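Colleague: Here it is: the structure, laid out below.
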Amino acid sequence: MKIIGINGSPRGQESMTRRLVAAVLRGAEEAGAETEFVDAAALRIRPCSACTLCYQTGECPKQDDFAALYEKMLGADGVVFGSPNYIDNVSAQMKLVFDRMADAIHCQLFAGKYGCAVATAGGAGADDIAAYLNHVLQVLGADTVGAASVEMVSGPEAFAAAEEKAFALGKDLVAAIETRREYPDQAALHAEVAAGMKALVFANKDVWKHQYGHWTSQGQN
């Protein structure tokens with residue numbers, strides 16, 4: 001079992017978000033998973049230019065570090081997203097990653113995967129960021145097992161509690177993957193999103209040949 005954790009904070013070793021992502025991975029490791037930590041800020045990822053070539057060919061023409069990260073995510077059983085709250089949204093580094101994943105959303109390439117989210121904030125909004133990160137995982141097709149978040153203004157004890165929760169979250173992520181845990185409410189969302197993505201792709205099938213081929217290869221017509 002492979003779980004990848006992606007930290008969207010640009011603060012390097014000083015990042016508190018990094019510590020929460022690492023705590024999830026430690027919990028997953030203790031439960032028997034192989035893990036990998038990725039610092040998105042250390043990668044060279046260029047902004048999406050909306051060329052739609054990935055829809056047509058399945059490949060992005062940009063020469064940067066995204067392709068390798070993308071393959072790691074696709075090869076993982078579990079994905080952990082972490083970000084601080086920067087003006088009521090994820091960091092620019094994390095958003096660069098998300099914006100390059102339109103092909104994964106259109107083709108629902110995270111279907112069958114599980115994930116979770118962690119988030120920090122200086123004063124407020126950490127819960128909202130964690131919820132958004134889990135929402136991204138869900139619209140990609142993954143089931144999410146929960147989140148750990150903390151506002152740093154609450155002090156060291158609050159962070160320690162969040163770190164402990166993140167560790168437990170890593171263990172639970174492994175358990176969900178092992179048992180193929182079902183989430184009926186998320187299953188309904190996945191069905192709705194998949195139907196919408198399929199309709200969008202089929203409406204553009206003459207141009208989006210890669211994505212149309214993906215859906216038809218799944219027995220969809």
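The values are calculated or read from the model by the stated rules, or taken from the named source; none is laboratory data. Computed from a predicted model, the values in this text were never measured in an experiment. So basically every Cβ, Gly included, is an ideal-geometry build from the backbone, and we count neighbours across all protein chains shown. In case anyone asks, the SASA skips ligands and DNA or RNA and just uses the protein heavy atoms, side chains included. Shrake-Rupley method; radii C 1.70, N 1.55, O 1.52, S 1.80 Å.
Colleague: In debye, nearest 20: dipole of region 75-170 around its Cα centre with unit charges on the Cβ of K, R (+) and D, E (-)?
Modeller: Here the size comes out at about 260 debye.
Colleague: Could you check the spin-label model distance between Ala131 and Ala203? Points 7 Å from the Cα along Cα→Cβ, value in nm.
Modeller: 2.8 nm
Colleague: Please express the shape of region 94-159 as an equivalent ellipsoid: the semi-axes are the square roots of 5 times the eigenvalues of the C-alpha gyration tensor, given largest first in whole angstrom.
Modeller: They are 27, 13, 7 Å, listed largest first.
Colleague: Most mobile of Arg18, Arg26, Arg181 per a Gaussian network model of the chain (Cα springs, under 10 Å)?
Modeller: With Cα springs under 10 Å in the chain, the top fluctuation among Arg18, Arg26, Arg181 is at Arg181.
Colleague: Test of understanding: in a Gaussian network model of the chain with alpha carbons linked when under 10 Å, which of Val145, Val118, Val207 would top the mean-square fluctuation ranking?
Modeller: Greatest mean-square fluctuation among the candidates belongs to Val207.
Colleague: In addition: Go through 111-117, 72-78, 195-201 and give me the packing order, highest mean Cβ count within 10 Å leading.
Modeller: Descending packing order for the listed peptides: 111-117, 72-78, 195-201.
Colleague: I would also like to ask the following. May I ask you to give the solvent-accessible area per residue for the chain, in square angstrom, as obtained with a 1.4 angstrom probe?
Modeller: 46 Å²
Colleague: Quote the relative contact order of the chain in percent (integer), defining contacts as alpha-carbon pairs under 8 Å separated by 6+ residues.
Modeller: Relative contact order comes out at 25 percent.
Colleague: Roll a 1.4 angstrom probe over the protein heavy atoms and tell me the percent of accessible area of the chain that is carbon or sulfur.
Modeller: It is 52 percent, rounded to a whole number.
Colleague: Then there's this: For labels at Glu71 and Thr179 in the simple 7 Å Cα→Cβ model, what's the distance in nm?
Modeller: 3.5 nm
Colleague: Ok, one more. Can you give me the P(r) profile for region 1-45? Cα pairs, bins 10 angstrom wide beginning at 0, each as a whole percent.
Modeller: So the P(r) values, bin by bin, are 31, 49, 20, 1.
Colleague: Return an integer: the convex hull volume of the alpha-carbon atoms of the chain, in Å³ per residue.
Modeller: Each residue corresponds to 115 Å³ of Cα convex hull volume.
Colleague: Could you work out the pair-distance distribution P(r) of region 10-130 from its alpha-carbon pairs, with 5 angstrom bin width and percents rounded to whole numbers?
Modeller: Distribution as computed: 2, 10, 19, 22, 21, 15, 8, 3, 0 percent.
Colleague: Can you count the Lys pairs in the chain whose Cα atoms are under 20 Å apart, with each pair 8 or more apart or on different chains?
Modeller: Eligible lysine pairs with Cα atoms under 20 Å apart amount to 11.
Colleague: Here's something else I'd like to know. Could you give the radius of gyration (one decimal) and Dmax (whole number) of the Cα atoms in region 149-212, in Å?
Modeller: Radius of gyration, then largest Cα-Cα span, for region 149-212: 19.7, 57 Å.
Colleague: List the relative contact order of region 48-170 as a percent without decimals, with contacts defined as Cα pairs under 8 Å and 6+ residues apart.
Modeller: Relative contact order here is 23 percent.
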